[in-house]
1. If I ask for residues that are without any contact (Cβ under 8 Å) to a residue 24 or more places away in the chain, part of a loop (DSSP other than H, G, I, E, B) and more than 8 Å from the ligand (Cβ to nearest atom), which ones from segment 2-17 would you list?
2. Does segment 18-77 hold any residues that are more than 14 Å from the ligand (Cβ to nearest atom) and assigned to a helix (DSSP H, G or I), and which are they?
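Values quoted throughout were computed directly from the atomic coordinates according to the rules given, and no laboratory measurement underlies them. Note that the coordinates shown come from a computational prediction; the quantities given were computed from them, not determined experimentally. Positions of Cβ are generated from backbone atoms using ideal geometry, with glycine treated the same way; all protein chains shown enter the neighbour counts.
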Ligand code: SF4
């Protein structure tokens, strides 16, 4: 599960709670961090391929990520 892109994850240097907003909360602060992250494509690809369902990954919200996972894997969320 160790990926080299994780070494450059910008979120590791920020508040991890921003990446797991509470229901009804905003993912905007986390997305702003992702916008500046050099490994965003790798992160998003990892999140989709490993079917992550919780939290902000690769600049997309939890809901957006679930749709991408669904589209890739063709299963109900
Ligand atoms: S894209 Fe966002 S969630 Fe992914 S490693 Fe970078 S800061 Fe973290």
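1. Correct list: 2, 15.
2. Selection gives 63, 66, 67, 69, 70, 71, 72, 73.
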